[in-house]
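I am attaching a structure below and will ask some questions about it afterwards.
The values are calculated or read from the model by the stated rules, or taken from the named source; none is laboratory data. Given the structure is predicted, the values throughout are model-derived calculations rather than measurements. Heads up, the Cβs are rebuilt from the backbone with ideal geometry, glycines too, and the neighbour counts pull from every protein chain shown. Ligands, DNA and RNA are stripped out before the accessible areas are found, and what is left, the full protein with its side chains, is counted by its heavy atoms. Shrake-Rupley method; radii C 1.70, N 1.55, O 1.52, S 1.80 Å.
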Amino acid sequence: MHLFVAGLVPLLAGCADVFDRLVRKVEQNYAGYLLEVVGDRRAGCDRHRDRIRARADATEGDDCYFVLRDFIAYFNDPHLFIFQSTRLDSAESARRARDVDLTGLTEPAVRQDLARRRSRLDPLEGIWSDGTLRVAVVPEATDRPQLIAVVLTSDTAIWRAGAVRARFTPRGDGGYDGEVWERNFSRRHVEARIHKRVLLRLSPGIWGKEYPVAPADSGLVDRVNPHRATIRTGNGTVVISIPSHDPAYRPALDSLVEGHAQALRSAQRLIVDLRGNEGGSAGTTNRLLPYLMSAELRPSLLPAGTAVMLSSDDQIAYVQRFMVYGPDTLPTIQRLLSRLRANPGRLVPVEDSLDTPQPQPDSVIQGPVRVGIIVDGGTVSAAEAFLLRAMRSTRVTVFGENTGGALDYQSVFIVPFQAERPSRWLLGYPTITARADLPKGGIKGRGIEPQVKLDLAREADVLGSIERHLVSGR
């Protein structure tokens, strides 16, 4: 998922006014509204909007976030969301620092307790890290089934060991409703979910699990930065775990692939673990593709089509500010801007006959004969684009559960929708639409189906199960 943020614009207006502005912003910019809110669905969407609007009338302060979030949830698009600004001035940060809950927990005591209760732990309990931040997630001493994340090692001097950095409440669907405090003591509401038992997606944000970790799940997250890919080898199998397609981590993945080139070439099997992959840029995994592609290709899973953009002032600003300008691209961008300005409220093609490039075939390295790719509902956006390319290879078999379905509408832009500055909340929406005939042939709401379905929650050793499948050649 490419993500771009426009200029940020205290919450002064009432929630109803904020809600109305959000609705208008969605209608102006989100192509999914234009293409999919039609016929009977328009009446359903209108009823949903009116119900949420009635809630907005009775909602004040920070609780307005949940009103806005629940309106957006109707569209079931991972690329359409409410972005929570975490800006605070120094005086407000200092005030919030004084109100932080403190515990007397220490790491030795936490480890001893986790070991004693290991067979009865909630999946979220344990020691998690993100860079220098390390937290212990343990039950809170209340009547509610709530978990707290207590700082063991801080990522900043102003957060003390023993401070509560986050709270999580388990949901019935296996996820968690949470609130997380950032370095400056601003608070974010999150919907958290665990993937491959060792990766916690906070959207945005990833924590990797340190302890306790079953042997079957070891080596799937980097101990320093859980966004970075890892690799492990043994018994003729190479396992590459890729939690993110963020281009910031492409050099680390490239280095990993180059450093293990001989192991990849000589391996009998390759397993690429994309469970929980947050997306980013499809090009992040280009260096890995030749090790799993085949000379003969299967047909594309999704129909071909021309990418389009919905014309609006925000879309024009996106093209002007974030599309790459240069001697070769300037004419293309100028023609796109002309089409957008001439067709307000309409879909226009991103490319035309003058600038459509000829697709280049994937290169092939004769490496593993059998390749398994693992996916789940957290596999989204650029990870799905990688998956679609990989599925054309006759070497590849996809295992797991349906992906998140975040390719119909792509490349996120974040824009303000409140009159006040700065804004507490902004709208993240996808700028580019895969085809003008959506939702026909799209994947939103259903994702990409694996060729071999696995109940990942019940599989004690997912990688072992897939390796056995690849060995048998079934």
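Just to be sure I understand, if you calculate Cα extents along the principal axes in Å for this structure, which of [x] 61, 60, 45; [y] 80, 58, 40; [z] 76, 56, 37 do you get?
Among [x] 61, 60, 45; [y] 80, 58, 40; [z] 76, 56, 37, the one derived from this structure is [x].
Return the subset of Lys196/Lys444; Lys25/Lys453; Lys209/Lys440 for which the Cα-Cα distance in this structure is over 29 Å, preserving the input order.
Lys25/Lys453; Lys209/Lys440
If the label point is 7 Å along Cα→Cβ of Asp122, which residues in segment 174-188 have backbone nitrogen under 13 Å from it?
Output list for this probe position: 174-179.
Can you give the accessible area per residue of the chain, in Å², using a 1.4 Å probe?
45
So, one more: Mind jotting down the distance between the C-alpha centroids of segment 225-245 and segment 106-155, whole Å?
25
What FRET efficiency comes out for the pair Ala91/Arg341, r = Cβ-Cβ distance, R0 = 51 Å, nearest 0.05?
Efficiency for this residue pair is about 0.70.
Can you give the FRET efficiency for Leu302 and Ala115, using 1/(1 + (r/R0)^6), R0 = 60 Å, r = Cβ-Cβ distance, to the nearest 0.05?
Values: r = 47 Å, r/R0 = 0.79.
Using R0 = 60 Å, I get an efficiency of 0.80.
With a 1.4 Å probe and every protein chain left in place, tell me how much accessible area Arg41 has, in Å² to the nearest 10.
Counting only protein heavy atoms, the figure is 80 Å².
When only C-alpha pairs under 8 Å and at least 6 residues apart count, what is the relative contact order of segment 93-141, in percent?
Values: 22 pairs, mean separation 11.4, N = 49.
Relative contact order here is 23 percent.
Run the simple label-point estimate for Glu179 and Ser255 please: 7 Å along Cα→C-beta, distance reported in nm.
Once both label points are built, they end up 3.9 nm from each other.
In the chain, with Lys and Arg counted as +1 and Asp and Glu as -1 at Cβ, which of these residues, Val37, Ala390, Asn184, has the Cα nearest the positive end of the dipole, that is, farthest along it?
Ala390
Keeping the other protein chains in place, figure out the carbon and sulfur percent of the accessible area of the chain, with a 1.4 Å probe.
Within the chain, the accessible surface is 50 percent carbon and sulfur.
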